[in-house]
Amino acid sequence: MANSLRGKVAIVGVGQSPTGRVPGRSPLDLTAEATLNALADANMEKAEIDGVLTGNAFASSFHRFSVALSEYLNIQPSYSNTLQVSGATAGAAVNTAAAAIHSGLADTVLVACGDSLLTGMTPDMAMRAMTESRDQQYEMPFGIPVANTFAMTAHRHMKEYGTTSEQMAQVAVTFREHASRTPGAQKTELITVDDVINSKMVSSPYRKLDCSLISDGAAALILTSAERALDYTETPIYILGGGEYYSHEHIFLMPELTQTGAVNSAQKAYEMAGVTAADIDVAGIYDCFTGTVLMMLEDLGFCKKGESGSFVEDGQMTYGGQIPTNTHGGMLSYAHPGIPAAWFHFVEVVRQLRSSCGERQVDNAELGIVHTLGAGFSTQATTILGTQSTR
Amino acid sequence: MNKTSKDSLEKPLPTPDGDSQVFWDGLKKGELLLQHCDDCGHVQYYQQRICRQCQSVNLQHKAASGRGTIHSFSVVYRAPGPAFKEDVPYAVLLIDLEEGPRMISSLVGKDFNALDFDIPVKLKTIRVADEICLPCFELTIS
Ligand SMILES: [Zn+2]
């Protein structure tokens, strides 16, 4: 790689708003609160932010959420954009912020997002959220919500590799167990594989408990150059590698239903970081559905193609296993406010790498991966994070 | 927040554009048009001005045989919005057409027990508005 981001930029602050059911708070309000918490975490004044990247919020009418957020906070950045690559927006925004800092476009970038999918949506907004992300000509007229695209990939995975509903259910069970230890998680009561299997069918093979939550909430990250990072924190968490991949727009042009562009985005990120999947200590994996996580464990290289079901049943995705994943509980149990959902994966992996997770701390966590994806596996963004000692 | 507007009750209908008008016109005559590339032989769904394989503009529209197989499917029980509430449950299909391309469609009828991977289906156009017929599929009785 001619140019590399490896170790050039660090996350120096993370913050979030209340999450779950948070009525009466606008997406901008929630995102501003998360930002102020991230600033406090970084011991930083808001005037030091000169770049702002966000995703868009469904429950907000602003088209340029990043610009609206800047005004709300009364800051005037010299670099700003509102990104839209669906669920991969979080990873893409972190990678892009790192690139902007490395290239000199900005010194310190706020990467934030918030939404109120649970309590802030009018029926029209909800309709838009559910249907507008699919093509209005060749997909949506058939009544294909985005859930359906993920359901069809999981279904084919079951057919080709014998993956079972029980194995998918185990993903939900594991993340619920993780969430039970996370302050502020939306769902904390433990569930069993049977609970998942007996929950209502939503879009086969996915049942209610195979599907992520609907929540309100926001999270914010503050990135700055490695040179400045130690001015703000004793535990900067460095961006070691980033990779993205955009293999298709329509689900019917996905090259293979059971292998995704995460293979490509991860390969690029691992190469930049100079590590392999075997080196990673803790993971944040976009978990819009249980089967999505199974396919990602394969495509990110944690197990072989077709073996993710037994990998998860063996406890390899939790404490003591090969790759503790979504230790906060993920979108299946912690919170899923839409586009901001994957920001919490970043917040959690940063906290794990800082060794600040208390009773849910993964032992000796030095290297982490966050993988975000969206739109029926159309968009993929991988980020490798590491502590000072891995830089 | 519980007010449901007229818009959210209406199903999204395709709005034909410069690329796709001929496709939607074909369906009104019962034809599912695919584009065949004169230069590289690639057959593509959906319609656009250039071949996605070789970028040639020498594309011919030809009606598909209407035969295909089910690559994957999902039965939708929870409607994506009020407009689809009357329809659930319904099955969405990923169809591999005999000519090669894959497409999204939905099943005519509700014989979900008969659904399976890699089984044959055939085209049945369904009129959903004055100017719009959707290319749906039904199970081929063998
Ligand atoms: Zn061609």
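Observations, loosely collected:
- Charging the Cβ of each Asp and Glu at -1 and of each Lys and Arg at +1, and nothing else, the dipole of the protein assembly as shown about its Cα centre rounds to 680 debye.
- Modelled label reach - B:D25, point 7 Å along Cα→Cβ, the stretch B:104-142 residues with backbone N closer than 17 Å: B:131-133
- Surface share of carbon and sulfur [accessible, 1.4 angstrom probe, percent] for the stretch A:240-391: 43 percent
- Max mean-square fluctuation residue, GNM over chain A, Cα-Cα springs under 10 Å, options A:V12, A:V349, A:V85: A:V85
- Relative contact order of chain A, defined on C-alpha pairs under 8 angstrom at six or more residues apart (%): 26 percent
- Only protein heavy atoms count here, probed at 1.4 Å, and on that basis chains B and A bury about 3400 Å² of accessible area in total.
- Modelled spin labels at A:K268 and A:E189, positioned 7 Å past Cα toward Cβ, are 4.4 nm from each other.
- For the peptide B:77-85, the mean number of other protein chain Cβ atoms found within 10 angstrom of a residue's Cβ is 6.
- MRE, 222 nm, helices only [DSSP H, n ≥ 4, -39500 (n - 2.57), over chain A, to nearest 500]: -10500 deg cm²/dmol
- The GluC sites (Glu not before Pro) of the stretch A:117-198 that DSSP puts in a loop, and whose beta carbon has at most 11 other beta carbons within 10 Å, are A:E189.
- Once the C-beta distance of A:Q76 and A:T122 is scaled by a Förster radius of 35 Å, the resulting FRET efficiency is 0.65 to the nearest 0.05.
- A:D231-B:E10 FRET efficiency (beta carbon distance; Förster radius 60 Å; 0.05 resolution): 0.60
- Here is the list for the stretch A:205-310: GluC sites (Glu not before Pro) lying in DSSP coil, each with at most 10 other C-beta atoms within 10 angstrom of its C-beta, are A:E234.
- For the stretch A:5-129, a crude dipole built from +1 on the beta carbon of Lys and Arg and -1 on the beta carbon of Asp and Glu, taken about the Cα centre, is about 320 debye to the nearest 20.
- Chain A: projected area of the alpha-carbon convex hull, averaged over directions, in nm²: 17.1 nm²
- Extension gain, B:K110 to B:S65: 0.36 nm times the residue separation minus the Cα-Cα distance gives 13.8 nm.
- Residues of the stretch B:86-103 that bury at least 30 Å² of accessible area when the other protein chains are present, relative to the chain alone (probe 1.4 Å, heavy atoms, ligands and nucleic acids excluded): B:V92, B:L94, B:R102.
- Counting only other chain Cβ atoms within 10 Å of each residue's Cβ, the peptide A:249-258 averages 4.
- Dipole axis of the protein assembly as shown (+1 Lys, Arg; -1 Asp, Glu on Cβ), positive-most option in B:H36, A:T390, B:S65: B:S65
- Taking the protein assembly as shown, the Cys residues with no second Cys beta-carbon under 4.7 angstrom are A:C113, A:C211, A:C288, A:C303, A:C357, B:C133, B:C136.
- Probe 1.4 Å, accessible area per residue of the protein assembly as shown, Å²: 38 Å²
- At least 20 Å² of accessible area lost relative to the chain alone, listed for the stretch A:154-200 with a 1.4 Å probe: A:H155, A:R156, A:K159
- Overall Cα dimensions of the stretch B:17-139, principal axis frame, Å, largest first: 43, 33, 23
- Dipole size of chain B about its Cα centre, with +1 on Lys/Arg Cβ and -1 on Asp/Glu Cβ: approximately 340 debye, rounded to the nearest 20.
- Across q = 0.15, 0.18 Å⁻¹, the stretch A:28-135 modelled as identical point scatterers on its alpha-carbon atoms has Debye log10 I(q)/I(0) values of -0.63, -0.88, in the order of the q list.
- Residues considered: A:A219, A:A99, A:A68. Largest GNM mean-square fluctuation over chain A, using C-alpha springs under 10 Å, is found at A:A68.
- The stretch B:62-125: trypsin sites (Lys or Arg not before Pro) falling in loop per DSSP and having at most 15 other Cβ within 10 Å: B:K85, B:K110
- Rounded FRET efficiency, nearest 0.05, which uses the C-beta distance separating A:K305 from B:R127 and R0 of 45 Å: 0.55
- Note on chain A: with a GNM built from Cα contacts shorter than 10 Å, the maximum mean-square fluctuation among A:I222, A:I75, A:I339 falls on A:I75.
The values are calculated or read from the model by the stated rules, or taken from the named source; none is laboratory data. Remember, it's a predicted structure, so these values are computed and weren't measured experimentally. Because the Cβ atoms are built from the backbone with ideal geometry, glycine has one as well, and the counts that use them run over all protein chains shown. Please note that ligands, DNA and RNA were not included when accessible areas were found on the heavy atoms of the full protein model with its side chains. Shrake-Rupley method; radii C 1.70, N 1.55, O 1.52, S 1.80 Å.
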